[in-house]
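Have a look at the structure below before the remarks.
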Amino acid sequence: SSVTYASPSRTEHPQEHSFRQADNHRDRRRAAAHTHKPEAAVQAKAPTGRHQELGATFQSPESLPSIRPPDRARRSLELPGRPLPRRRAMGAAAEDAVRQLGILMDQVDAPLRRTFQNVHQGHPRETMLRFLKAREWNVSKAHKMLVDSLNWRIENEIDSVLERPILPVDLYRSIRDSQLVGLSGYTKEGLPVFGIGVGQSTYDKASVHYYVQSHIQINEYRDRIILPMLTEKFGRPITTCVKVLDMTGLKLSALSQMKMLSSISTVDDLNYPEKSETYYIVNVPYIFSACWKVVKPLLQERTKKKVKVLSGCGRDELLKIMDYSALPHFCRREGSGSSKHSSSNADDCFSPDHPFHKELYELTNQQSSHKELLKMGSLHVSIPEPDPNDAKIVEVIQAEFHKMGEQNGSTNGHKV
């Protein structure tokens, strides 16, 4: 079954209403100081149809004080007289590529069109741009990649993945403790900031299927809930995010996780391309620096430009694009690392008790309750064959890990 999330209206959640009233009151005072009349706050679109309850139960980012979009971004986008950011000028060739791909997509079968709606969320142009960038503007290759991705979604029931909670809850919490990822806040431009604990994720509490399912649920929640709400609020398409990768605790033993990481990376590369605006790498040990030297030359130029390796915890550089409250907890002070006990659960974006994870899990539970028969067990998602270049990168990383292991006399967990 497919799910459509594009209806223009829904019943406003009481908590959203209270935050909207507060925002309106604050904006009226601010506007008076600028001799403006305030504009009405933008209300997010939400799902209707057979999944109308999805929108009715979900609380928007504005109703989550700990991960609320910054006032600075709201002011620049809401006050009268302030122009919305201009869309980057596209060359004639690029625009023609989008047009050609659009014509091809108009010809796909109805099931593909339905799942494509879940992917583009009312912004097909931006979605086609992502797939074109991923295939170096080759229309034929981008079309094949997009159609393959849509078929993958149908075959693996991705459109209903938010109806498949990971049960029991103790298993879900174990996955959150061993697959460290979470939404810490938003940049000053309104992009979601995801923290990822690369060095301390162990992936040892469940099968690979559960970790892949959890990863896809976070992707779908981001793309079908968070990003559309931000798009509505700011009045411009927001379709990408920023990722901050914490390398604290990275060891040679991470080699044993390479298959898991490769599976997740392949799912992202082939089905969620160009969703990350920038990757910030922080708390970098020698082992990463050594691997980066051999991997960087293999990356495509556009990917190299996205990766920023920062000094220490990266706090000072990250504060140029986000407020302190949006920093992942492992970036808030030097040496903080990604310890699960370094901050309160409300601040630790990895914690299952963080608002982001609580909202996501509650949503999947609510959606599953509307099913006549709750599907138990993990969602077995087929992992596409990786791109040959990506497979080569994995081989290079494995070879570098083995070399460093031989130099140290062991590959059994020593930090480097």
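Data overview
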item: Residues being β-branched (Val, Ile, Thr) and under 19 Å from the mean Cα position of the chain (by Cα) - total across segment 134-165; result: 2
item: Residue within segment 193-208 that is part of a helix (DSSP H, G or I) and in the same structural domain as residue 354 (by TED's automatic domain parsing) present; result: yes
item: Filter result (surrounded by 21 or more Cβ atoms within 10 Å (Cβ to Cβ) and not in a loop (DSSP other than H, G, I, E, B)) within segment 116-129; result: 119, 127, 128, 129
item: Some residue of segment 233-244 being under 27 Å from residue 400 (Cα atoms) and at pLDDT 95 or above; result: yes
item: Any chance residue 319 is closer than 30 Å to residue 129 by Cβ, at pLDDT 95 or above and touching a helix residue (DSSP H, G or I) at 6+ places or on another chain (Cβ under 6 Å); result: no
item: Selected residue (only one of 180, 150, 162 is in contact (Cβ under 8 Å) with a residue 40 or more places away in the chain, in the same structural domain as residue 224 (by TED's automatic domain parsing) and in contact with a Ser or Thr (Cβ under 6 Å, 6 or more places away or on another chain)); result: 180
item: Residues within segment 176-199 that are under 14 Å from residue 349 (Cα atoms) and over 17 Å from the mean Cα position of the chain (by Cα), tallied; result: 2
item: Only one of 59, 107, 100 that is of a type outside the set (Val, Ile, Thr), assigned to a loop (DSSP other than H, G, I, E, B) and modelled with pLDDT of 95 or more; result: 107
item: Residue in segment 215-238 that is surrounded by fewer than 19 Cβ atoms within 10 Å (Cβ to Cβ), small (Gly, Ala, Ser), without any contact (Cβ under 8 Å) to a residue 24 or more places away in the chain and farther than 19 Å from residue 264 by Cα present; result: no
item: Qualifying positions in segment 293-320 - loosely packed, with under 13 Cβ neighbours inside 10 Å and under 16 Å from residue 248 (Cα atoms); result: 311
item: Any hit, segment 265-276, residues being surrounded by 20 or more Cβ atoms within 10 Å (Cβ to Cβ), in a strand (DSSP E or B) and not aliphatic (A, V, I, L, M); result: no
item: Tabulated pairs, segment 379-390, first not assigned by TED's automatic domain parsing to the domain that holds residue 151, second surrounded by 15 or more Cβ atoms within 10 Å (Cβ to Cβ) and charged (D, E, K, R), C-beta under 9 angstrom, 6+ apart or interchain; result: 379/157; 379/164; 381/157; 384/269; 386/269; 387/269; 390/269
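The values are calculated or read from the model by the stated rules, or taken from the named source; none is laboratory data. Note that this is a predicted model, so its numbers are computed, not measured. No Cβ is skipped: glycine too gets one built from the backbone with ideal geometry, and neighbour counts run over all protein chains shown.
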